[in-house]
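Nothing in this text is a laboratory measurement; each read-out follows from the coordinates by a stated rule. From a predicted model like this one, the values you see are computed outputs, not experimental measurements. As a convention, Cβ positions derive from the backbone with ideal geometry for all residues, glycine included, and neighbour counts pool all protein chains shown.
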Amino acid sequence: MIPSVVPRILASLLLAASIAVVVSGCNEKTASSASAAAHAGNPDPSRDDDGHGHADADADADADAHDDDEVEIDAAIAEQSGIRVAPVVAGVIADEHVIQGLLTPIDGRVAEVSARFPGAIRQLTVNVGDQVRAGQPLAIIASNLSLSDYTVSAPLSGVVLARHASVGGVASEGMLLYEIADLSSLWVDLHVFGADAQHITAGSPVTITRLSDGATADTRLQRILPGTATVSQSTVARAQLDNSDGQWRPGSAVKARITVAQTPADRVLPLSALQSQDGNDVVFVRSGNRYRARVVRLGQRDARQVQVLDGVDAGDQVVVEQSYLIKADMEKSGASHEH
């Protein structure tokens with residue numbers, strides 16, 4: 001029986017030796033990998049299975065946070081995109097009231113032109129819309145009293161608003177022939193309601209906006225009328241508007257912005273500079289070709305600009321036009337980092 005046992009013992013010894021060789025090889029491979037990692041500058045045993053340590057993960061997160069609020073845009077591309085910057089400067093924040101109004105001719109600058117004597121209308125020389133000068137002949141009428149022609153002339157320079165007669169017709173004494181108005185200046189009658197009337201005084205600056213195309217003109221309130229408008233129960237504030245170009249038309253509705261007070265501020269920015277990011281008010285400050293988001297704390301504002309209490313300094317170059325393009329670029333950059 002001894003001879004038959006020997007082969008089995010030898011086989012067991014060979015199997016154990018083979019297992020030892022495999023285990024030794026695995027250990028050598030593991031040690032070699034660890035050594036390679038050490039030579040690569042990553043000896044930290046606290047790394048996760050994916051090869052990134054906790055410290056490096058925090059550093060990556062900080063780098064991403066830095067990149068997300070800063071972008072670089074070539075100057076030529078910024079110019080083509082309409083991106084404009086302006087320095088943070090001192091300014092004035094206005095307390096303003098927005099009021100609707102109506103353009104009307106100025107009292108005393110509207111004339112009704114009538115026939116002096118009855119007679120046949122031989123000639124009418126102007127039509128609606130024509131410009132006339134004071135003393136210019138407007139009509140020729142054959143008088144029934146003197147049996148001779150007489151001329152009706154313009155009493156003032158202006159534009160013909162209406163014509164009420166026809167050639168060949170008969171004019172009675174005092175018959176209205178034309179309406180003429182000097183429209184080189186117009187009243188802007190602004191209807192002020194409620195408590196607003198207590199804050200608005202003559203001399204206040206006012207900006208008039210034409211509703212048809214958004215054109216504006218600056219003037220001042222000339223007077224506050226003493227009575228109250230019967231229908232609307234409003235107080236009428238009146239300003240005079242230059243209309244030498246003839247672009248403002250009587251009867252048109254306009255919007256007026258009346259400034260009742262002004263507050264100096266050390267730092268102001270146009271409203272177009274503001275964007276919202278992560279629930280904060282931000283502006284974008286340019287340095288070279290780089291644009292960085294700055295969270296700002298705001299104070300008073302008016303229709304055009306806002307006071308900046310904190311977040312930027314006087315002289316900082318801030319994007320004031322097309323700021324939403326900078327925001328969109330930052331959001332796109334942040335989304336790419338997340339992937």
Report task. Work out the FRET efficiency for residue 216 and residue 156 from their Cβ-Cβ distance, taking R0 = 35 Å, and round it to the nearest 0.05. Result -> 0.75
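With r as the distance between the Cβ atoms of residue 100 and residue 295 and R0 = 51 Å, compute the FRET efficiency 1/(1 + (r/R0)^6) and round to 0.05. All intermediate terms of the calculation are to be shown ahead of the outcome.
On the way: r = 38 Å, r/R0 = 0.74.
Computed FRET efficiency for residue 295 and residue 100 comes out at 0.85.
Between residue 253 and residue 84, what's the calculated FRET efficiency when r is the beta-carbon distance and R0 is 35 Å? Round to 0.05. Before the final figure, lay out each step's value.
Values: r = 33 Å, r/R0 = 0.94.
Once the sixth-power term is evaluated, E becomes 0.60.
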Query - Estimated inter-spin distance, residue 74 and residue 321, nm [label 7 Å along Cα→Cβ] - result: 2.1 nm
Report task. Would you mind computing, in nm to one decimal, how far apart the modelled labels at residue 261 and residue 145 are, each placed 7 Å from Cα along Cα→Cβ? Result -> 6.4 nm
Report summary line: Distance in nm between residue 198 and residue 131 label points, each 7 Å along Cα→Cβ, equals 4.8 nm
Query raised in the report: Once amide H atoms are placed 1.01 Å from N in the peptide plane, what residues at a sequence separation of 5 or more from residue 204, or on another chain, have their amide H within under 5 Å of its amide H?
Result: 221
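Tell me, 164, 97 in order of fewest to most beta-carbon neighbours within 10 Å? Please list the in-between numbers first.
Details: 164 14, 97 18.
Exposure proxy ranking, most exposed first: 164, 97.
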Report summary line: From fewest to most C-beta neighbours within 10 Å, the residues 99, 73 line up as 73, 99
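How would you rank 259-267, 172-180, highest first, on the average number of other Cβ atoms within 10 Å across their residues?
Working: 259-267: 15.1, 172-180: 17.0.
Final packing ranking: 172-180, 259-267.
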Report summary line: From the Cα centre of the stretch 187-230 to that of the stretch 154-172, the distance in Å is 34 Å
Query raised in the report: By counting other Cβ atoms within 10 Å of each Cβ, how are 96, 79 ranked from fewest to most?
Result: 79, 96
